[in-house]
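Peer 1: Have a look at this one before I ask anything.
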Amino acid sequence: MLDRSPELSPHILQAVRGFMAFANNPSQTDAVFDLADGLRQTDLYEQFLERAHSQPAVDRIIRERYLAPVDDLERLLDGPPDSLGYQYAAQMKRMGLRPDFYPQLVVEDDYSYIALRLRQTHDIWHAVTGFGTDLAGEVGLQAFLLAQMRSPLAVAIMAGSAMYALKSSTPLSPLVDRIHQGWQMGEKASPFLAQKWEENWEKSLSEWRDDLNVEAV
């Protein structure tokens, strides 16, 4: 009689497909969302949620379910050039992205709230940390997220990025350096998930960084 291995569940298959697609081409943002949706069903996210609720400021914003309306980039560009709003809007314009480019989620529990809030603020985190949107910069920001939130998705993205670098003969040293920087920065900084960035767009990046104990790259 043949020994059959147990079939993988649909969400694990979705995560594997997303991981392989990302490892082949990290610019495929849809692959990241597939990976996130697949990993959501695993036990790894219990620790992720425990970590979130262990931080009082993060716990408060989760319970509040704070979400900001989508801001107009042109309006933000009317602000002071050194402000968070201006720098964020200029970055989004350079990349040709709308503020709501990411797939929307229905907030039905703590996980879906956190996932949506992270999607909503991902590029704000880029602006505040100084990590670029190239492969090394994305890896650095994922290391920052891992330090702050113990995110399984961050681990998968870093692993997929390393696989892509190996396959494409991309130098690994910049990625490793950024992982080190991101982890150290995330360990020292105040919780980013707890911030209501959109209520203080006019505040300068330097002020945000001082308040959050961030030394930008």
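Peer 1: Under the condition of being touching a residue at least 40 places away in the same chain (Cβ under 8 Å) and not polar (S, T, N, Q), which residue from the range 123-136 is surrounded by the fewest Cβ atoms within 10 Å (Cβ to Cβ)?
Peer 2: Out of the qualifying residues, it is G130.
Peer 1: Then there is this: Hey, does the range 85-97 have a residue that's modelled with pLDDT of 95 or more, of a type in the set (G, A, S), within 19 Å of M149 (Cα to Cα) and not in a loop (DSSP other than H, G, I, E, B)?
Peer 2: No - not one qualifying residue is present in the range 85-97.
Peer 1: Go through the range 87-101 and count every residue that is touching a residue at least 12 places away in the same chain (Cβ under 8 Å) and either more than 20 Å from R117 (Cα to Cα) or in contact with a His (Cβ under 8 Å, 6 or more places away or on another chain) (or both).
Peer 2: Result for the range 87-101: 4.
Peer 1: Restricting attention to the range 5-64, which residues are hydroxyl-bearing (S, T, Y) and closer than 16 Å to L118 by Cβ?
Peer 2: T29, Y45
Peer 1: When you look at P80, is it crowded, with 18+ Cβ neighbours inside 10 Å and more than 26 Å from T42 (Cα to Cα), yes or no?
Peer 2: Spelling it out, it is not the case that P80 is crowded, with 18+ Cβ neighbours inside 10 Å and more than 26 Å from T42 (Cα to Cα).
Peer 1: When you go through V106, V176 one by one, which is the residue that is among the β-branched types (V, I, T), without any contact (Cβ under 8 Å) to a residue 12 or more places away in the chain and in a loop (DSSP other than H, G, I, E, B)?
Peer 2: The unique qualifying residue is V106.
Peer 1: Just name the residue that is nearest to A154 (Cα to Cα) out of those in the range 175-211 that are in contact with a helix residue (DSSP H, G or I) (Cβ under 7 Å, 6 or more places away or on another chain) and among the aliphatic types (A, V, I, L, M).
Peer 2: I179
Peer 1: Here's another thing I want to ask about it. Scan the range 137-158 and give yes if some residue there is surrounded by fewer than 16 Cβ atoms within 10 Å (Cβ to Cβ) and of a type outside the set (D, E), otherwise no.
Peer 2: Checked against the condition, which is being surrounded by fewer than 16 Cβ atoms within 10 Å (Cβ to Cβ) and of a type outside the set (D, E), the range 137-158 yields no hits at all.
Peer 1: Now for a different question. For the subset of the range 31-44 comprising residues that are touching a residue at least 60 places away in the same chain (Cβ under 8 Å) and assigned to a helix (DSSP H, G or I), which member is surrounded by the most Cβ atoms within 10 Å (Cβ to Cβ)?
Peer 2: L35
Peer 1: Looking at the range 70-84 only, could you name the residues that are within 18 Å of K196 (Cβ to Cβ), in contact (Cβ under 8 Å) with a residue 40 or more places away in the chain and not in a helix (DSSP H, G or I)?
Peer 2: If the condition is that a residue be within 18 Å of K196 (Cβ to Cβ), in contact (Cβ under 8 Å) with a residue 40 or more places away in the chain and not in a helix (DSSP H, G or I), then D71, G79, S83 are the ones that fit.
Peer 1: Now a separate question. So I114 fits all but one of (1) assigned to a helix (DSSP H, G or I); (2) more than 14 Å from the chain's Cα centre (by Cα); (3) at pLDDT 95 or above; what number is the exception?
Peer 2: If we test I114 against (1) assigned to a helix (DSSP H, G or I); (2) more than 14 Å from the chain's Cα centre (by Cα); (3) at pLDDT 95 or above, just (2) comes out false.
The values are calculated or read from the model by the stated rules, or taken from the named source; none is laboratory data. Small disclaimer: the values here were computed from a predicted structure and weren't measured. Glycine gets a Cβ as well: all are built from the backbone with ideal geometry, and neighbour counts include every protein chain shown.
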